[in-house]
1. Within the range 503-513, which residues are farther than 21 Å from Arg574 by Cα and either part of a strand (DSSP E or B) or touching a Ser or Thr at 6+ places or on another chain (Cβ under 7 Å) (or both)?
2. Among residues belonging to the range 355-380 that are of a type in the set (D, E, K, R) and farther than 18 Å from Glu434 by Cβ, point out the one that is farthest from the chain's Cα centre (by Cα).
3. Please pick out the residue among Asp535, Asp575 that is surrounded by 15 or more Cβ atoms within 10 Å (Cβ to Cβ) and not hydrophobic (A, V, I, L, M, F, W, C).
4. So Ser353 clears everything in (1) surrounded by fewer than 16 Cβ atoms within 10 Å (Cβ to Cβ); (2) in contact (Cβ under 8 Å) with a residue 24 or more places away in the chain except one condition, right? Which one?
5. Can you find, within the range 263-305, the residue that is nearest to Ser458 (Cα to Cα) among those that are in contact (Cβ under 8 Å) with a residue 40 or more places away in the chain and assigned to a helix (DSSP H, G or I)?
6. Which pairs turn up if I take residues in the range 416-441 that are within 15 Å of Pro355 (Cα to Cα) and free of Cβ contacts under 8 Å to residues at least 12 places away in the same chain and look for partners that are open to solvent by 50 Å² or more (accessible area, probe 1.4 Å) and not β-branched (Val, Ile, Thr) with beta carbon separation below 6 Å, at least 6 apart in sequence or on another chain?
7. Quick one: which residue in Cys503, Cys547 is more than 26 Å from the chain's Cα centre (by Cα) and among the hydrophobic types (A, V, I, L, M, F, W, C)?
8. Would you mind stating whether Thr723 is surrounded by fewer than 20 Cβ atoms within 10 Å (Cβ to Cβ), modelled with pLDDT of 85 or more and either touching an Asp or Glu at 6+ places or on another chain (Cβ under 7 Å) or under 18 Å from Phe534 (Cβ atoms) (or both)?
Amino acid sequence: MGRRKKRSVFNVDGVMDFFNNVMMEKPYLPLLIPLVLMLWALEKWIFSLSNWVPLVLAVWVTVQHRNYQHRMAVEDLNKKWKRFALSSSAETPLEHCEWLNKLLIEIWSNYINPKLSLRFQSIVEKRLKRNKSRLIEKLELLEFSLGSSPPWLGLQGTRWSTFGDQQVMHLGFDWDTTDISIMLLAKVAKPFFGTAKIVINSLRIKGDLLVMPILDGKAILYSFVSTPEVRISTAFGSGGSQSLPATELPGVPSWLVKLLTDTLVKTMVEPRRQCFSLSAVDLRKKAVGGIVYVTVISGKKLSRSSLKGSPSRRQPSSGVDGLREHSDDKDLQTFVEVELGELTRRTNVRPGSSPRWDSTFNMILHDNTGIVRFHLFEHTPGRMMCDYLASCEIKMRYNTDDSTTFWAIGPDSSVIARHSEFCGKAVEMVLPFEGVNVGELAVKLVIKEWQFSDGSLSFNNLRVSSQSSLNGSSNFLSRTGRRIIVKVVEGKDLITKDKSGKCNPYVKLQYGKVLQKTKTAHSSNPEWEQSFEFDEIGDGEYLKIKCYTEEVFGDDSIGSAHISLEGLVEGSPRDVWIPLEKVNSGELRIRIEAVRIDDYEGSRGSSYSGNGWIELVLIEAKDLVAADLRGTSDPYVRVQYGNLKRRTKVMYKTLNPKWHQTLEFPDNGSSLELHVKDHNAVLPTSSIGDCVVEYQGLPPNQMADKWIPLQGVKRGEIHVQVTRKVPELEKKPSVNPDTSLTKAHQISSQMKQMMIKLQSLIDDGNLEGISTPLSELEALQDIQDEYMVQLETEQMLLLNKIKELGQEMLNSSPSLSRNSFGS
């Protein structure tokens, strides 16, 4: 204990600091100390003056030490005062930040520019495709770089201010760059033709930024104070794929300026704010979607006279009128419409100025960010239309540490922010309605899961490799030996448009060009249990789902949805409930699985052998669109299989044709496409629908009977039967060589007779009689095409058999095998 006390009393570091400080304050001390020591030695050994020297030295040291302690205390108080002033003062003086611009210049080219260019490229491409100019039919982003010139921040200085409890930094933003490189390839819309390159070579954005730290420094919000100044300079290139001369397309520069300005206004001009997360951990996961449960709890202080959209709001009222309006608010009946992207849901109607809904909705996110909007409506009994009252919104963003940030506009444009550390944690917020001074909405949000680009997901604070996620991106290449099996299991709470309450729903699935359809059920909670197969496309292609109900006078849409099929892991099927978009209720249960084609076909006892053929029977079609003025069509089917093209006979004046015609093609794995056409003797033919027949997953020598909906038209279906014929299991009868030559001569002679008859009718001017020989000539052409296909199939089978026999001879004869390898 004694040693410990001595150490605490005699602090070597403190003594050294003290003497160093004394030496700095008293530069003459090195001269004074030797003089004092000399006088002391003189007094001690030569002659004794007095004992005043030690006493004076002790007093001097004590005074110097007290002065040192006083200065340290003053400096410490100054530091604390500065911190208090910065945290509590309403506004700080302007401070220059040339150091920040110097830092930006140093790190922009090699670090910030590549990251921002990669991040903004996909955002810009989506915006351009979604908001095209009327002059442009299609846009493709060829090149995107922000250049080497960074924006200038705070040229007039920066300052901090206090807004309620929120600290806000003000700084100027001025980005004037001439080395930006953004190149677009535009396909010009009709009546013009061709393509043109649009090059954005300079950009100017100038405005005042607000930066607000939130959630104790876990994130910052940033926005412009007002609409910034935007200028864009464009040039129009030529050469390469350019088919138009290098002339300016009218209206394109102003369209780009308007598009950028509108985007900034909608996303980051006060009170709209963007969020940047300052996560301490980066798990290097790219979130591509998620599932969020949104609960609308209750409303408070709702007043018909004060909310937006009410006519009484624009009229002054007396005290009596105010009492009447207050009493009328008790009869106010309201509901809330929840919107997330294309998905909308609606609560029940509740009365009063403080209604309670307690409605929970399953919503789907298709990105790592999302905006949930809440629209308040008034319902008046007996009226068809509902009156819009007010709105508010919540933004959410996935953070790199697997947490989620929620933020919204608070009272008087303040900030409401919440943080969810893991999936499954509920976040409750009370939101004021925008643009009005009364009314609040209490809501609760729960992120059920985040889905990542590698197929994994985050679920209740756990990350698993594969589960029932909806989105993602895959490391597999497009069309690389995988098949997607989609099973439509059941539905629930589907809307009914029939007055009797009946619902006859069916589902259409579209993936790429392939369209499939379920059977029709007869319930608002149907069960289909139907599976469909698609070849994996990749490249971000979505599975599009549309739900219809059959009606007497045409089918009505009762919702749609889209799912990304990327990120699927083999052996881990997804089983999810998908909420339908563009309707107020309804969900579909979909089961999705990815399998390798080799494994899948092997499990079904099927493998592609390359020496079989495809037998396609075109039976009939129904509900075709009318292509003629008389309300009918003259339909026929043009079949395209790889480079082979075949067609059926023409059925005149009908919307429900029956062909009963069989076509055969050598099985080489090509796409089998059907194009239904309307025949015209003089004018060009018109399309009345097309579809793709999926046959690759069929077991050998087993026929599939399908009704396939036609694409590109409002209605119409075609009935086909398709079979994959495998000769090892079933031998195809060969063409009789004795009769082949006779049959060919018969077809040729009949066609010559038809040509002679047709020529005679033209010479006589009998145009009305031309249609009959033309149809007979087309029928003969069809017979000839079928015969040629049969011959081509026999030829391919024969060549394959010759190759197999040759290979067997090489394998059975060692000497031949050695000679072949030696040569």
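The values are calculated or read from the model by the stated rules, or taken from the named source; none is laboratory data. This structure is a prediction, so every number in the text was calculated from the model and none was measured. A quick note on method: Cβ atoms are made from the backbone with ideal geometry, for glycine too, and the neighbour counts reach across all protein chains shown. Note: accessible area is taken over every heavy atom of the protein model, side chains too, but ligands, DNA and RNA are not part of it. Shrake-Rupley method; radii C 1.70, N 1.55, O 1.52, S 1.80 Å.
1. Result: Cys503, Asn504, Pro505, Tyr506.
2. That would be Arg356.
3. On inspection, the qualifying residue turns out to be Asp535.
4. (1)
5. Met268
6. Hits for this filter: zero, empty list.
7. So the residue among Cys503, Cys547 that is more than 26 Å from the chain's Cα centre (by Cα) and among the hydrophobic types (A, V, I, L, M, F, W, C) is Cys503.
8. no
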